[in-house]
Ligand SMILES: NC(=O)c1ccc[n+]([C@@H]2O[C@H](COP(=O)([O-])OP(=O)(O)OC[C@H]3O[C@@H](n4cnc5c(N)ncnc54)[C@H](O)[C@@H]3O)[C@@H](O)[C@H]2O)c1
């Protein structure tokens with residue numbers, strides 16, 4: 001359906017999404033305003049926890065295919081390099097004004113279908129910044145995007161419904177499982193995931209249980225593959241905080257006010273799991289000095 005995929009914002013999600021499409025054989029143009037982010041992104045695609053080197057080591061990809069994947073991704077600090085792209089996926093920080101500014105700029109450069117990987121921001125609001133809102137939708141990937149099957153497609157008020165169906169069919173062919181939801185703060189996934197994440201951090205704040213015990217409660221009690229504390233560490237605590245702030249800003253509902261402990265951890269440099277957030281002091285698990293629940297259960301042979 002598309003030939004060249006543009007990625008704007010080459011951080012945690014942008015680099016994972018770029019890797020996914022390059023592995024599917026697509027040419028990718030990745031743009032970030034920071035040169036350092038482009039270097040880190042390529043490094044994580046090569047050598048990261050979900051990168052191609054790991055796939056080669058596991059025998060899931062040949063060395064020559066790994067090289068081809070890398071060669072399909074072109075990086076740039078210039079939006080003008082997106083000109084040839086027919087699909088652009090934006091993955092900059094979760095900030096309404098920043099995303100509006102980015103879309104205004106991209107829309108003046110290319111005629112691609114424009115999408116946002118936003119976790120919470122109104123798709124209708126973001127579409128107000130582009131030339132053709134009927135060709136604008138939410139395309140919400142999950143972390144790690146190379147592996148997670150789910151893609152949440154979000155229809156704004158003016159999004160062409162037929163286009164959403166076509167994109168759904170295309171993603172299905174690429175092995176993803178898309179769901180379609182109407183535009184509403186936090187859509188379906190963030191609205192549910194964030195409220196669980198908030199209660200988990202409030203429980204820590206109140207000293208009710210340790211991170212490990214809270215996660216084991218949800219993993220063994222409710223069959224979750226990963227508990228809410230470990231999920232927050234993987235998402236990135238800074239990104240989680242921005243999502244709470246945006247949800248609160250959009251809904252004015254105190255239910256979305258960020259928990260104090262989360263604000264303090266981010267202020268102190270705890271930005272999430274250091275294996276996926278380079279430069280972070282750690283996540284909640286590092287702050288509490290505990291072994292991650294998933295590692296413990298694996299070590300005990302339970303999961
Ligand atoms: N982290 C997750 O697990 C996750 C999951 C799903 C969706 N999301 C959403 O994806 C988006 C990105 O999140 P992330 O975790 O990858 O954040 P991140 O902080 O890892 O990366 C954001 C990147 O955007 C770049 N950037 C900032 N301003 C820019 C600009 N004007 N032009 C180009 N690049 C710019 C930054 O340099 C940075 O590299 C957010 O909207 C977030 O809500 C995150």
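The values are calculated or read from the model by the stated rules, or taken from the named source; none is laboratory data. What you are looking at is a predicted structure, and each value in this text was computed from that prediction instead of being measured. Every residue, glycine among them, receives a Cβ derived from its backbone with ideal geometry; neighbour counts consider all protein chains shown.
Here is a yes/no grid of residues against (1) modelled with pLDDT under 95; (2) within 15 Å of residue 150 (Cα to Cα); (3) buried (at least 17 other Cβ atoms within 10 Å of the Cβ):
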residue: 173; (1), (2), (3): no, yes, no
residue: 178; (1), (2), (3): no, yes, yes
residue: 182; (1), (2), (3): no, no, no
residue: 196; (1), (2), (3): no, no, no
residue: 199; (1), (2), (3): no, no, no
residue: 202; (1), (2), (3): no, no, no
residue: 207; (1), (2), (3): no, no, no
residue: 211; (1), (2), (3): no, no, yes
residue: 214; (1), (2), (3): no, no, yes
Hey, does the range 130-144 have a residue that's exposed (fewer than 15 other Cβ atoms within 10 Å of the Cβ), at pLDDT 95 or above, more than 13 Å from the ligand (Cβ to nearest atom) and under 22 Å from the mean Cα position of the chain (by Cα)?
-> no
Test: residue in the range 242-257 that is within 16 Å of the ligand (Cβ to nearest atom), without any contact (Cβ under 8 Å) to a residue 24 or more places away in the chain and in contact with a helix residue (DSSP H, G or I) (Cβ under 6 Å, 6 or more places away or on another chain) = yes
Those residues that are away from the ligand (no atom under 13 Å from the Cβ) and surrounded by 22 or more Cβ atoms within 10 Å (Cβ to Cβ), I need them from the range 21-50; list them, please.
-> 21, 22, 28, 45
Enumeration of residues in the range 1-15 that are in contact with a strand residue (DSSP E or B) (Cβ under 7 Å, 6 or more places away or on another chain) and surrounded by 24 or more Cβ atoms within 10 Å (Cβ to Cβ) = 5, 6, 7, 8, 9, 10, 13, 14
Scanning the range 55-79 residue by residue, those loosely packed, with under 13 Cβ neighbours inside 10 Å, more than 16 Å from the ligand (Cβ to nearest atom) and farther than 16 Å from residue 43 by Cβ turn out to be 57, 58, 59, 60, 62, 63, 64
Within the range 87-109, which residues are over 11 Å from residue 129 (Cβ atoms) and touching a residue at least 60 places away in the same chain (Cβ under 8 Å)?
-> 87, 88, 89, 91, 92, 93, 94, 95
So is residue 121 buried (at least 24 other Cβ atoms within 10 Å of the Cβ) and within 26 Å of residue 34 (Cβ to Cβ) or not?
-> yes
Which of the residues spanning the range 80-94 are within 21 Å of the chain's Cα centre (by Cα) and within 13 Å of the ligand (Cβ to nearest atom)?
-> 82, 88, 89, 90, 91, 92, 93, 94
